[in-house]
1. Return only the number of the condition from (1) touching a residue at least 40 places away in the same chain (Cβ under 8 Å); (2) touching a Lys or Arg at 6+ places or on another chain (Cβ under 8 Å) that A125 does not satisfy.
2. Report yes if K95 is more than 16 Å from ligand 2 (Cβ to nearest atom) and either in contact with a Cys (Cβ under 8 Å, 6 or more places away or on another chain) or touching a residue at least 12 places away in the same chain (Cβ under 8 Å) (or both), otherwise no.
3. Which ones in the range 33-88 are closer than 23 Å to C20 by Cβ, assigned to a strand (DSSP E or B) and within 16 Å of ligand 3 (Cβ to nearest atom)?
4. Can you say whether A19 is farther than 22 Å from M131 by Cα, within 16 Å of ligand 2 (Cβ to nearest atom) and buried (at least 18 other Cβ atoms within 10 Å of the Cβ), as far as the supplied structure shows?
5. Can you tell me which residue among P77, P55, P45 is over 18 Å from A100 (Cα atoms) and modelled with pLDDT of 95 or more?
6. Take the residues of the range 107-133 that are away from ligand 2 (no atom under 15 Å from the Cβ) and in contact with a helix residue (DSSP H, G or I) (Cβ under 8 Å, 6 or more places away or on another chain): which is nearest to C160 (Cα to Cα)?
7. Which of the residues belonging to the range 20-43 are in contact with a Cys (Cβ under 8 Å, 6 or more places away or on another chain) and either under 11 Å from L3 (Cβ atoms) or of a type in the set (A, V, I, L, M, F, W, C) (or both)?
Amino acid sequence: MQLLNKVKNCNGCSACVVACKDRCVKMFDREDEAVRQILENAEKPQALEGKKKVPMINEGGCNKCNACVLFCPIFNPVDMPEFSEWYNYDEKFEKEDLPAFYRETMRNVRAGQHTEFVGTLCEIAALISLMGNKIRPNLILKPLVCDEEKRSLEECCKECSFYK
Ligand code: SF4
Ligand code: SF4
Ligand code: SF4
């Protein structure tokens, strides 16, 4: 099973990586040869080009529990809050290791610390999904606006359901 056969226009949010307790999901560049074959033959539409990484499952270690699919906010949409304040997108907010960032945020929230999470809507949706579709009061979400110029750079962003 590959996620790209189940999830339309994967946006690289990486929730599936964290969802897999067996650590069978890893993110790869779209240019990677093995990924390319999966992308080209995916049952759901996927962009072949783009900077956003896509997940690949190590099928040898997978126990077919389906958690990665069920926690994917595209496959299983979450309740998004209404935001009154928005922040301008800036490259300084790009995360090198998104899964580590989600894990650290969740750890801090569960420990009761005041925690701020600045991210795009797809990253916020991933975090909410991983937290069981619940936002605890000590978690402050700060959404970044993906303007039209930014969205025009990636196929999955052009199709982004958060902006439709
Ligand atoms: S089906 Fe379960 S074990 Fe397999 S990759 Fe997904 S989360 Fe991991
Ligand atoms: S959780 Fe869904 S949208 Fe996010 S990277 Fe995984 S498959 Fe793609
Ligand atoms: S437009 Fe923004 S929120 Fe939508 S997929 Fe792209 S980066 Fe994520």
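1. With (1) touching a residue at least 40 places away in the same chain (Cβ under 8 Å); (2) touching a Lys or Arg at 6+ places or on another chain (Cβ under 8 Å) applied to A125, the lone miss is (2).
2. On the way: more than 16 Å from ligand 2 (Cβ to nearest atom): no; either in contact with a Cys (Cβ under 8 Å, 6 or more places away or on another chain) or touching a residue at least 12 places away in the same chain (Cβ under 8 Å) (or both): yes.
No.
3. Once the filter is applied, which keeps residues that are closer than 23 Å to C20 by Cβ, assigned to a strand (DSSP E or B) and within 16 Å of ligand 3 (Cβ to nearest atom), the range 33-88 yields V54, P55.
4. In short, no.
5. On the way: P55 fails: over 18 Å from A100 (Cα atoms); P45 fails: modelled with pLDDT of 95 or more.
Exactly one residue qualifies, and that residue is P77.
6. Here the residue is V118.
7. Hits for the range 20-43 are C20, C24, V25.
Every residue, every condition in (1) in contact with a Leu (Cβ under 7 Å, 6 or more places away or on another chain); (2) among the acidic types (D, E); (3) more than 27 Å from K6 (Cα to Cα), yes or no:
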residue	(1), (2), (3)
I74	no, no, no
S84	no, no, yes
E91	no, yes, yes
K95	no, no, no
R103	no, no, no
R110	no, no, yes
K134	no, no, no
R151	no, no, no
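The values are calculated or read from the model by the stated rules, or taken from the named source; none is laboratory data. The shown structure was predicted, so the numbers you read here are calculated from the model rather than taken from an experiment. Ideal geometry is used to build each Cβ from the backbone, glycine not excepted, and the neighbour counts take in all protein chains shown.
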